[in-house]
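Working notes for the structure below.
The values are calculated or read from the model by the stated rules, or taken from the named source; none is laboratory data. Note that the coordinates shown come from a computational prediction; the quantities given were computed from them, not determined experimentally. Positions of Cβ are generated from backbone atoms using ideal geometry, with glycine treated the same way; all protein chains shown enter the neighbour counts. The protein model used for the area step is the full one, side chains on, heavy atoms only, and it has no ligands, DNA or RNA in it. Shrake-Rupley method; radii C 1.70, N 1.55, O 1.52, S 1.80 Å.
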Amino acid sequence: MQNTTIETWTTVPILPCINIEETLVFWTSLGFVTTYKQTRPYQYGVVQRGGAALHFGGVKGMTPATNQYTGCLVAVQNAAAVYRIFTMRLKEQLGRIPHVGLPRISRMKPGATRFTLTDVAGNAVIFVSRGEKDQQEWEKAEHVYPNRLAKAIAMAVRFRDYKNDDAMAARVLDNALRNIDGEAAEQIAEAWIIRAELADAEKDALLAATCREQARRQPLTEEQLRALQEKHG
């Protein structure tokens, strides 16, 4: 039997792209460095930052709409710090922080440990802080909660921050907020504040204002409300 323990194996995922030039320009605009590029006989390129390399290969006939399931995970020391750098550079390049369309970056809430950056070709690259906190936050929605609203808040945060599914997060909260008799005022306010943030993302200013007004109607101090608002960005 051949001994393979002394061999060094390296796995290099290759992400698809439509135009290698466009893809490399996008990633270098975020602070990566192009370490390899070729256009013939096929398109191929590599960018690198912080010891992590992303490889891209051109795929004929592909469109961003058909590239819905490719991507990779990049483990970093501090995902929040990387997020701040990326959002700053995206705003410099595009004049805004894109949360929809292509390219886009997911919203990262205070205390979160991951975010997703989707590039111009539709590749979803997840940047996550090293450690177990991310898994612990994900599993919060699996806990046994004392009431239905607390469970709904945990589920909404999971959909919003980890699945990037704002629509499902909003649906969970809408269902829970239809019947809040007997629920704690702080939890009611928190649910409305999260729903307001989701409405902001949907660019529904009227709904966002209505949700915030509902939160303010709860018998909480200004300090309590402000803490909840800061918690959810």
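Just a few scattered comments:
- Flag if Q68 is farther than 16 Å from F115 by Cα, under 18 Å from the mean Cα position of the chain (by Cα) and open to solvent by 70 Å² or more (accessible area, probe 1.4 Å): yes
- If you go through segment 194-233 and keep only what is part of a loop (DSSP other than H, G, I, E, B) and open to solvent by 50 Å² or more (accessible area, probe 1.4 Å), you end up with E202, K203, D204, R217, P219, T221, G233.
- Residue check, Y44 touching a Lys or Arg at 6+ places or on another chain (Cβ under 8 Å) and either surrounded by 17 or more Cβ atoms within 10 Å (Cβ to Cβ) or over 16 Å from V125 (Cα atoms) (or both): yes
- Residues in segment 131-165 that are surrounded by fewer than 19 Cβ atoms within 10 Å (Cβ to Cβ), among the aliphatic types (A, V, I, L, M), at pLDDT 85 or above and over 16 Å from E197 (Cβ atoms): A150 alone.
- All positions within segment 105-115 that are over 9 Å from the mean Cα position of the chain (by Cα) and modelled with pLDDT of 85 or more: T113
- Flag for V128 being outside any helix (DSSP H, G or I), surrounded by fewer than 19 Cβ atoms within 10 Å (Cβ to Cβ), of a type in the set (V, I, T) and modelled with pLDDT of 90 or more: no
- Residue match in segment 106-116 (condition: in contact with a Leu (Cβ under 7 Å, 6 or more places away or on another chain), part of a loop (DSSP other than H, G, I, E, B) and of a type outside the set (G, A, S)): no
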